[in-house]
Amino acid sequence: DSSTLFKVLKSVESLKDADMGVAGEDDDRTLTNLMVDQIEFANVILLNKTDLLGGVDSPEMKKVVGIVKKLNPKAKVFQTTKSEIDLEKILDTKLFDLQEAQMSAGWIQELMKPAHTPETIEYGVSSFVFRSRTPFHNRRLYQVIKGFGQLERIFAEQQGKKKKLGKKI
């Protein structure tokens, strides 16, 4: 969220205090630490909510882009509103380089720890496998993916259609 970047970077709030479900018992990092780690290690960065800072050409947005580029000059940075972006720009970019990642300061610090905390625990990341005898319908799946970040608009449109039909919601 580009509109809150500087607020988070100035924060002294710990991950535990933020109660985001991403901090383990021994994790003493702040929100600032987490954000800087994420920016420094990313290959692709989306700066969302540019509209809240006056648009991509506003002085505030230029400051946000400037700090992100200083923290990670190699990352591709995209400015978005409502997270709208062509998926081709962010998926399967082939930008990750394991050798380069292994030389990053964060990676080296992690290797120096007596025990590694998996990201699934540290950041609350989870995944699942969907299995079905029938494959996904490619057009319907595309429509679902295209709709990410637009759920509120879709619900509002559906409610508007129901009202026009004279149905109660």
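The values are calculated or read from the model by the stated rules, or taken from the named source; none is laboratory data. Everything numeric in this text was worked out from a predicted model, so none of it was measured. Ideal geometry is used to build each Cβ from the backbone, glycine not excepted, and the neighbour counts take in all protein chains shown. Ligands, DNA and RNA are excluded from the accessible area calculation, which covers all protein heavy atoms including side chains. Shrake-Rupley method; radii C 1.70, N 1.55, O 1.52, S 1.80 Å.
Per-structure values
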{"item": "Listed pairs Lys89/Lys113; Lys70/Lys94; Lys69/Lys113 exceeding 32 Å between Cα atoms", "result": "Lys89/Lys113"}
{"item": "With DNA, RNA and ligands ignored, accessible area of Ile121 (1.4 Å probe; Å², nearest 10)", "result": "110"}
{"item": "Accessible area (Å², 1.4 Å probe, nearest 10) - Ser126", "result": "100"}
{"item": "Rounded to whole Hz, the Karplus (6.51, -1.76, 1.60) HN-Hα couplings of the range 78-93, x for glycine and proline", "result": "10, 9, 9, 10, 6, 6, 7, 7, 5, 4, 4, 6, 10, 9, 6, 7"}
{"item": "Most to least accessible of Arg133, Arg139, Arg153 (protein chains only, probe 1.4 Å)", "result": "Arg133, Arg139, Arg153"}
{"item": "Protection-proxy order for peptides 87-95, 72-80, each taking the mean of Cβ atoms within 10 Å per residue, highest first", "result": "72-80, 87-95"}
{"item": "Solvent-accessible surface (1.4 angstrom probe) belonging to Met103, in square angstrom, nearest 10", "result": "140"}
{"item": "Note, ³J(HN,Hα) from phi for the range 6-11, Karplus 6.51, -1.76, 1.60, rounded to Hz, x at Gly and Pro", "result": "5, 4, 5, 5, 8, 5"}
